[in-house]
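Each remark here refers to the structure printed beneath this line.
Bear in mind that the values in this text are calculations on the coordinates, not laboratory data. Bear in mind the structure is a predicted one, so any value in this text is a computation, not a measurement. Quick reminder, even Gly has a Cβ in these numbers, built from the backbone with ideal geometry, and neighbours come from all protein chains shown.
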Amino acid sequence: MTNEFSELGLSAELLRAISAQGYTQPTPIQTQAIPPVLAGRDVLAGAQTGTGKTAAFVLPLLQRLQESGVRPKRAFIRALVLVPTRELAAQVQASVSTYGRYLPFRSMTIFGGVKINPQISQLRYGVDIVVATPGRLLDHLQQGTIHLDQVDTLVLDEADRMLDMGFIRDIRKVLRALPAKRQNLLFSATCSDEIRALASDLLSSPVEIQVARRNEAAEMVTQVVHPVDSSRKRALLAHLIGSNDWRQVLVFTRTKHGANRLAKQLNLDGLQSTAIHGNKSQAARTRALSEFKLGRLRVLVATDIAARGLDIDQLPHVVNYELPHVPEDYIHRIGRTGRAGLGGSAVSLVCGEENKLLRDIESLLQRKVDRVVVPAFQPAPDFRPAAAASGGSGGRPAARGGRPTGRSGGGRKAKAGPAPKSGKINWRSRRAMG
Ligand code: AMP
């Protein structure tokens, strides 16, 4: 197996674009996927975000367009990439422009939540590569503003996410509008029965590739758990950001409401923050993301759904303000940092009620995550870290320590204090320190 881009069979224009990007070596998914895609094979690839999967399909896709030399007819397109979210569509298209900078191809995104007319005008002259979310693509098909008969390559990116988001019927409708003879590439982080069923309908004698299983990918990221009472999470977060001088932090909360509230509170603490979630308009989300990338916004607070497809190069810090209920989401969250082997840190603020969630995550990771108590933020003595609780006493201790809220967000307790500031030091933490 080769370790050089130059040995993968890519054209001079693409190699130039790759070196302009500063990439010196292909990642494993690129080494394994590029040659079969160039050879016209169907591919089923198990690869998650951060492995370099986008370039693994964009590079050979561009080259095949280059080799065929066919131009798209009016309102026709040559290659279709289906993705689950608007954000991912924008990111994939940015990769198409980046890697295709020395090639003459036209590419565009198609997604909902924005006006359809500009998309129609762009399509009118024919487009080489369209990156689309399924819903808006179907609108165009129904209106006859896009024709898929000339598509010779279809890519499903983050197919598992598309299924999670309920796009399977839309995907099947799109498939019916495609010509029977075409190349198909399916990328997915996980391989459920549903993915297998889709793959067997879609792909013909595919080359199967599996890189960096989830837990291996997670090894690239330094992970730590800070045990803390839920009511002190915000103070600890502000302390970590300030004392470590973190400049770009992606913070995860479980709910939209929690994200809004936390962003507001962090702003009061003097940390420039914005929340992004499904209730925010596309324009607001794009604005927040670009401010964040430019370094004008220090903290981006996101829910799991909103963070999917966010591509932020070299994001150094991810914080789990609340652990996710689904252990896989933890992997997706920490996959936002440590991309392409760059390393990164993932910090989880874990209160007693979340011990069960932490154990589930650790069994998925097949390893323990180090617990580090931050001085002055040690939880009340009845907090029992999951490591010590091998007997499995989960969330019980916290319930003893105070009100059994049945949830771990910390918002209720913070509110119970007279004011947010004084709420930082409550009776539980004073007791812990004394
Ligand atoms: P992806 O898995 O496609 O989301 O890519 C993750 C990140 O890795 C992106 O920010 C890419 O710019 C970067 N990347 C992709 N390929 C390489 C490579 N061969 N060398 C270094 N970085 C890369």
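Give the order of 42, 170, 139, 193 when sorted by the count of other beta carbons within 10 angstrom, beginning with the fewest. Don't jump to the answer; show the numbers that get you there.
Values: 42 21, 170 18, 139 14, 193 7.
Exposure proxy ranking, most exposed first: 193, 139, 170, 42.
Which of the trypsin sites (Lys or Arg not before Pro) found in segment 152-200 are in a DSSP loop and have at most 12 neighbouring Cβ atoms, other than their own, within 10 Å?
In loop regions of segment 152-200 (DSSP not H, G, I, E or B), the sparsely surrounded trypsin sites (Lys or Arg not before Pro) are 181.
Write out the trypsin sites (Lys or Arg not before Pro) in segment 86-147 meeting two conditions: DSSP loop, and at most 15 other Cβ atoms within 10 Å of their Cβ. Present the calculation step by step, with values, prior to reporting the outcome.
Details: sites: 86, 101, 106, 115, 124, 136; in loops: 101, 106, 115.
Sparse-neighbourhood loop trypsin sites (Lys or Arg not before Pro): 101, 115.
Test of understanding: extend the Cα→C-beta vector of residue 39 to 7 Å, then name every residue of segment 54-70 with backbone N under 17 Å from that spot.
Correct set: 57, 60-61, 64.
Please compute the net charge surrounding residue 10, taking Lys and Arg as +1 and Asp and Glu as -1 over other residues with Cβ under 15 Å from its Cβ. Write out the running numbers ahead of the final one.
Details: positive: 16, 64, 101; negative: 4, 7, 13, 67.
Taking every other residue near residue 10 into account, the sum is -1.
Using a 7 Å offset from Cα along Cα-Cβ at residue 4, what residues in segment 19-43 end up with backbone N under 15 Å from the label point?
In segment 19-43, the label zone of residue 4 (backbone N under 15 Å from the point 7 Å along Cα→Cβ) covers 19, 24-26.
May I ask you to sort 239, 325, 140 by Cβ crowding, counting other Cβ atoms within 10 Å and putting the fewest first?
Working: 239 17, 325 13, 140 20.
The most exposed by this proxy come first: 325, 239, 140.
For residue 348, list long-range residues whose amide hydrogen, built 1.01 Å from N in the peptide plane, is under 5 Å from its own amide hydrogen.
Placed amide hydrogens put 224, 225, 226, 320 under 5 Å from residue 348.
Restricting to Cα pairs below 8 Å that are 6+ residues apart, what does the relative contact order work out to for segment 28-103? Please round to a whole percent.
Details: 49 pairs, mean separation 23.4, N = 76.
31 percent.
Could you list, in their original order, any pairs among 115/256; 73/280; 53/356; 73/293; 115/173 whose Cα atoms are separated by more than 30 Å? Working shown, then result.
Numbers: 115/256 25 Å; 73/280 37 Å; 53/356 33 Å; 73/293 37 Å; 115/173 22 Å.
Distance filter (> 30 Å) returns 73/280; 53/356; 73/293.
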